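The values are calculated or read from the model by the stated rules, or taken from the named source; none is laboratory data. The structure presented is a predicted model; accordingly, all values stated were derived computationally and were not measured. Ideal geometry is used to build each Cβ from the backbone, glycine not excepted, and the neighbour counts take in all protein chains shown.
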Amino acid sequence: MATTRGFLVGRFQPFHHGHRQLVEEVATEVDELVVGIGSADASHTVRNPFTAGERTMMITGVLADIDVRHYVVPLEDIDRNAVWVSHVESMCPPFDVVYSNNPLVIRLFEEANYEVRDPQLIDRGRLRGTTIRERIVASEPWQDRVPDAVIETIREVDGLNRLRKVATTDAGGGDDGDSDG
Ligand code: NAP
């Protein structure tokens, strides 16, 4: 029987328990999973504090405990949305089904005739990249919202000090939030 490969993309700034639960769910529906690290070229800002390499460490560490063959692929943003799907295809193993809640991502893949599934967002009151970044900047507890491998990566790269530093120097000095507000 043919292998079903799923594609899941996010910025993962940082990868949190909501992302982990989503991966666990998707893993029950596909044989293999491609995790695309979006905005791979962005780092050292309040909205995107971690590099693609650091996010790869987080995701690889977490997925080691999830029983699905997987590939982690950094994806730089490009200027033209109209060719973004081709860009993704050129960087990733072939995939059959796309998982996303992002309206632009959904639209672009549907126009390219992919099956797109819109997964449930989990515990959005707590599990939101923006909120976790804000809590780090404010020195409020955040560790219970992310897997241990993410805490370990952030510690290894001195991520707390980086994020607090860029929060004082990034344009506007704050987090401009994500597309879902
Ligand atoms: P995003 O802009 O990173 O996030 C959108 C919102 O959806 C965020 O609030 C995010 O929350 C939330 N979210 C996504 N998946 C979630 C989940 N499973 N559970 C809880 N919340 C979830 O967009 P994205 O869809 O995650 O990533 C799309 C990536 O594709 C971006 O890097 C974007 O730049 C890229 N892209 C590029 C182009 C281009 O280059 N032309 C075109 C389209 C898309 P969290 O912050 O908590 O994750």
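Structure notes:
- Being closer than 15 Å to ARG117 by Cβ, surrounded by fewer than 16 Cβ atoms within 10 Å (Cβ to Cβ) and within 14 Å of the ligand (Cβ to nearest atom) holds for only one residue in GLU76, GLU25, and it is GLU25.
- Within the stretch 87-117, considering residues that are of a type outside the set (A, V, I, L, M, F, W, C), within 17 Å of ALA27 (Cβ to Cβ) and under 15 Å from the mean Cα position of the chain (by Cα), the one surrounded by the fewest Cβ atoms within 10 Å (Cβ to Cβ): SER100
Every residue, every condition in (1) in a loop (DSSP other than H, G, I, E, B); (2) touching a residue at least 24 places away in the same chain (Cβ under 8 Å), yes or no:
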position	(1), (2)
SER43	yes, no
ASN48	yes, yes
THR56	no, no
GLY61	no, yes
ASP67	yes, yes
GLU89	no, no
ASN113	yes, no
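- Taken over the stretch 15-57, the criterion of being touching a His at 6+ places or on another chain (Cβ under 9 Å) and either within 22 Å of ARG5 (Cα to Cα) or of a type in the set (A, V, I, L, M, F, W, C) (or both) is satisfied by VAL23, ALA27, GLU32, LEU33, VAL34, VAL35, PHE50.
- Condition check for ASP118 on (1) modelled with pLDDT under 95; (2) closer than 16 Å to PHE7 by Cβ; (3) of a type outside the set (A, V, I, L, M, F, W, C); (4) more than 12 Å from the ligand (Cβ to nearest atom): one failure, at (4).
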